[in-house]
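First up is the structure itself, then whatever we jot down about it.
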Amino acid sequence: DKRIERLFKQHPDAYLFESLPGAGPVLAPRLLSAFGTNRARHPDARSMQAYAGIAPVIERSGKSCWTHWRWNCPKFLRQTFHEFAKNSIPKSAWAHAFYELQKSRGKGHNAAIRSLAFKWVRIIHTCWQTRTPYHEQLYMQRLEQRGSPLVDLVAASTRVA
């Protein structure tokens, strides 16, 4: 653990993953190793979502259509994103609101966490590609600019608390 911590701190991208709410000393190095340093390997978030097993698989046959999670992926990597998404819920207002929104739409706990992980991969990928640390306030401003319903949910939850 000490060696991982030391190597992580020496990595030039460590600050990106330290900025993520809920990553902490265990998940931040795991997220860094998931993304790596070769930014050309995953030119867009979709490729990382698919590789990590976070992107759902949609299968069709005749008139039937069903969705399931990806089985052919690095399981530890998928677990890393799942754990990070879960840990972000108490640390990030929008992540908590997003999770609650998914639950209110009828998704179970694990499906809501997977949806949140899917969203987080897009955010982390952008931070990683642009070498910009994550800032909750900036992300909330972007959600507001896009007219996201999460803004109202976050505002409502802060009034209640």
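Of the residues Ala97, Ala45, Ala52, Ala85, the single one that is closer than 26 Å to Tyr15 by Cβ, surrounded by 15 or more Cβ atoms within 10 Å (Cβ to Cβ) and touching a Pro at 6+ places or on another chain (Cβ under 9 Å) is Ala52. Whenever a residue of segment 1-21 is among the hydroxyl-bearing types (Ser, Thr, Tyr), its partners that are outside any helix (DSSP H, G or I) and at pLDDT 95 or above, lying with C-beta atoms within less than 8 angstrom and at least six residues away or across chains, give the pairs Tyr15/Pro133; Ser19/Pro133; Ser19/Tyr134; Ser19/His135.
Let's see how each residue does on (1) more than 22 Å from Leu150 (Cα to Cα); (2) surrounded by 11 or more Cβ atoms within 10 Å (Cβ to Cβ):
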| site | (1), (2) |
| --- | --- |
| Trp66 | yes, no |
| Arg70 | yes, yes |
| Leu101 | no, yes |
| Arg122 | no, yes |
| Pro133 | no, yes |
| Glu136 | no, yes |
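Evaluating Cys73 against the criteria (1) closer than 17 Å to Leu31 by Cα; (2) part of a helix (DSSP H, G or I); (3) without any contact (Cβ under 8 Å) to a residue 60 or more places away in the chain leaves one unmet condition, (2). Taken over segment 122-147, the criterion of being outside any helix (DSSP H, G or I) and within 16 Å of Asp13 (Cα to Cα) is satisfied by Arg131, Thr132, Pro133, Tyr134, His135. The condition (being modelled with pLDDT under 95 and either over 22 Å from Leu27 (Cβ atoms) or assigned to a helix (DSSP H, G or I) (or both)) is satisfied by just one residue among Lys103, Lys107, Lys119: Lys107. If we keep just the residues of segment 37-86 that are among the β-branched types (Val, Ile, Thr) and at pLDDT 85 or above, which is farthest from Arg131 (Cα to Cα)? Once the filter is applied, the top-ranked residue is Ile54.
Would you be able to tell me the number of residues in segment 46-65 that are within 30 Å of Arg6 (Cβ to Cβ) and touching a Lys or Arg at 6+ places or on another chain (Cβ under 8 Å)?
Step one: filter segment 46-65 for residues within 30 Å of Arg6 (Cβ to Cβ), giving 48, 51-54.
Of the ones still in play, those that are also touching a Lys or Arg at 6+ places or on another chain (Cβ under 8 Å) are 52-54.
Summing the residues that are within 30 Å of Arg6 (Cβ to Cβ) and touching a Lys or Arg at 6+ places or on another chain (Cβ under 8 Å) in segment 46-65 gives 3.
Could you go through segment 141-161 and let me know if any residue there is within 24 Å of Tyr51 (Cβ to Cβ), surrounded by 13 or more Cβ atoms within 10 Å (Cβ to Cβ) and of a type in the set (S, T, N, Q). No; the residues of segment 141-161 include none that is within 24 Å of Tyr51 (Cβ to Cβ), surrounded by 13 or more Cβ atoms within 10 Å (Cβ to Cβ) and of a type in the set (S, T, N, Q).
Checked against the criteria, His135 counts as within 27 Å of Asn38 (Cα to Cα) and in contact (Cβ under 8 Å) with a residue 60 or more places away in the chain. Looking at Phe98, Phe81 in this structure, which one is under 19 Å from Met140 (Cα atoms), touching a Leu at 6+ places or on another chain (Cβ under 9 Å), of a type outside the set (A, V, I, L, M) and touching a residue at least 12 places away in the same chain (Cβ under 8 Å)? On inspection, the qualifying residue turns out to be Phe98.
The values are calculated or read from the model by the stated rules, or taken from the named source; none is laboratory data. Keep in mind it's a predicted model, so treat the numbers as computed, not measured. FYI the Cβ positions are ideal-geometry reconstructions off the backbone, even for glycines, and counts take in every protein chain you see.
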